[in-house]
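Heads up, the thing below is written out as structure tokens.
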Amino acid sequence: MLPRLEDLAGSGPGVAALAGGRLTGFLLSRIVVPRVERMAWVPDCGHGLARPGDGVTCRRMYADISRRWAAEGCCAQAVSIQAYDRDAVEAWFSLGFGLTWVDALRDLEPAAGEDEGVEIRRAGPDDIDVLVHLEAELVRHLTSAPISLVYPEDPETHARRSWADGPVDTTWIAFRDDRAVGYLTAERPGADAPVMARTGQSTASVGGAYVVEDARNRGVGTALLNRSLEK
């Protein structure tokens with residue numbers, strides 16, 4: 001954990017709260033440019049309070065660091081919180097943050113209920129157009145209600161840029177009757193993965209996945225997941 005905190009401390013704005021010379025809280029952030037606009041991100045190991053649920057300290061630290069995020073040109077802010085830490089969830093919700101996505105951890109055993117009527121194959125360079133089409137559909141899904149994420153460019157432009165140097169070789173595509181109906185990318189967790197997902201060399205991370213609307217609830221995603229676990 002210490003090496004990761006040291007790396008995080010040098011990668012973006014940070015703030016510490018002290019009372020009587022003792023550390024009572026800290027926030028460490030990283031500036032990232034993911035699939036949306038430039039964003040300030042506090043990973044799950046990048047924040048802590050000596051007294052759980054200390055909303056006053058949390059607000060003071062946020063007031064300080066948010067000014068620096070704005071100066072860095074960040075139009076979005078995100079904080080990763082362990083789901084069991086209800087005090088932290090409530091503290092950040094009180095600052096106007098909401099729930100956008102959830103990371104979960106499971107074993108590597110195959111899942112039950114996969115669609116046996118789809119063909120799953122590993123993607124290659126010739127599949128870029130297929131992946132761009134599916135990615136553009138995913139962007140349309142994410143920008144519609146109730147998610148309503150904001151993307152700085154149209155879905156097709158964003159999708160083609162994403163896959164220009166994307167992880168094609170660790171991506172699987174699902175086909176039904178020669179039509180692409182979904183994809184899943186599985187890879188080793190990177191430095192920005194949640195702490196809980198970096199427990200050993202046998203850990204894999206789902207970096208992205210999508211199934212078209214008319215193929216959902218049939219086990220296509222399960223089939224993609226199971227195929228990726230065979231790697």
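Derivation of every value follows stated rules applied to the coordinates shown; laboratory data play no part. For clarity, every value in this text was computed on a predicted model and none was experimentally measured.
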Task: Ratio Rg/Rh [Cα only; Rh per Kirkwood] for segment 2-93 - done: 0.95
Task: Prolate/oblate/rounded call for segment 119-229, Cα gyration tensor, a/c under 1.5 rounded - done: rounded
Task: segment 129-134 - phi-based ³J(HN,Hα) in whole Hz, Karplus 6.51/-1.76/1.60, Gly and Pro as x - done: 4, 5, 5, 4, 4, 5
Task: Note, ³J(HN,Hα) from phi for segment 150-163, Karplus 6.51, -1.76, 1.60, rounded to Hz, x at Gly and Pro - done: 10, 10, x, 8, 5, x, 5, 4, 4, 4, 5, 5, 4, 8
Open item on the list: With both bridge residues required to lie in the chain, what share of the DSSP beta bridges run antiparallel, to the nearest 5%?
Closed with: 90
Task: Other-chain or far-sequence residues with amide H under 5 Å of SER80's (modelled H) - done: VAL42, ASP44
